[in-house]
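See below for the structure under consideration.
The values are calculated or read from the model by the stated rules, or taken from the named source; none is laboratory data. In this text, all values refer to a predicted model and were calculated from it rather than measured experimentally. Heads up, the Cβs are rebuilt from the backbone with ideal geometry, glycines too, and the neighbour counts pull from every protein chain shown. For the accessible areas, the whole protein counts, side chains as well, though only heavy atoms, and no ligand, DNA or RNA atoms are used. Shrake-Rupley method; radii C 1.70, N 1.55, O 1.52, S 1.80 Å.
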Amino acid sequence: MRPRRAGIFNVWEYDDQIFEFGGGRMVLRGRNGSGKSNALSLLFPFVLDGVMSAARMDPMGGARSMKSLLLGRSDEDGGGRYRHDSGTGYVWMEFGSDDETQRLTIGVGASATAQRDADSWFFVAHGRVGVDFDLHDDDVPKSRRRLAETIGDGRVLATAEEYRSAVDRELLGLGADRYRIL
């Protein structure tokens with residue numbers, strides 16, 4: 001299985017961005033400040049390990065949290081206010097076999113409000129985002145419950161540990177210790 005596509009939906013300044021891989025590889029090009037580093041930090045390693053610490057979310061070391069990425073900090077306001085009162089978003093990656101007969105999509109959903117830190121959930125699903133299932137209803141990101149109804153309750157996981165175990169079982173086959181080291 002190789003990476004085929006990845007996506008960021010409603011996180012940071014990405015509305016619904018899909019990144020295509022060629023032969024399991026992806027090149028991001030753009031001017032400084034266009035979001036290449038943010039996209040990479042969300043896609044690698046976040047989608048693979050589900051660790052949502054602020055230090056891991058911000059490639060520039062500014063400790064930007066998932067809450068900040070979902071709600072958007074107001075640059076004009078030094079008081080730490082957010083642009084939005086609430087937000088839900090997804091980050092995902094699709095893998096496919098060389099013969100295109102197998103597809104697996106892994107990902108993380110999160111929601112936050114101005115009063116509450118980000119809450120996350122994880123999914124491992126056979127199929128393709130936008131083809132076999134969607135992460136939104138009429139451009140509104142699905143809640144954890146709605147995603148479970150869409151792809152099956154057993155495919156939506158509550159903890160990063162359960163998620164890593166499912167990703168390892170379905171995709172890598174390394175075992176918990178080797179996966180943690182990876």
Go through the range 9-36 residue by residue and tally those that are outside any loop (DSSP other than H, G, I, E, B) and under 20 Å from L171 (Cβ atoms). 5
Output the residues belonging to the range 7-53 that are under 21 Å from E162 (Cα atoms) and among the aliphatic types (A, V, I, L, M). L42, L43, V47, L48, V51, M52
Could you look through the range 7-53, keep only residues that are open to solvent by 50 Å² or more (accessible area, probe 1.4 Å) and of a type in the set (D, E), and pick out the one that is nearest to L104 (Cα to Cα)? E20
For a quick check of your reading of the model, give me the residue pairs whose first member lies in the range 97-120 and is closer than 25 Å to D49 by Cβ, whose second is modelled with pLDDT of 90 or more and of a type in the set (S, T, Y), with beta-carbon atoms closer than 6 Å and at least 6 apart or on different chains. G107/Y90; V108/S120; G109/Y90; A110/S120; S111/T88; D119/S111
From the residues in the range 135-182 that are in a loop (DSSP other than H, G, I, E, B) and over 23 Å from S97 (Cβ atoms), which one is least open to solvent (accessible area, probe 1.4 Å)? K142
Scanning for something assigned to a strand (DSSP E or B) and either more than 21 Å from I18 (Cβ to Cβ) or open to solvent by 60 Å² or more (accessible area, probe 1.4 Å) (or both), does the range 81-103 turn up at least one residue? yes
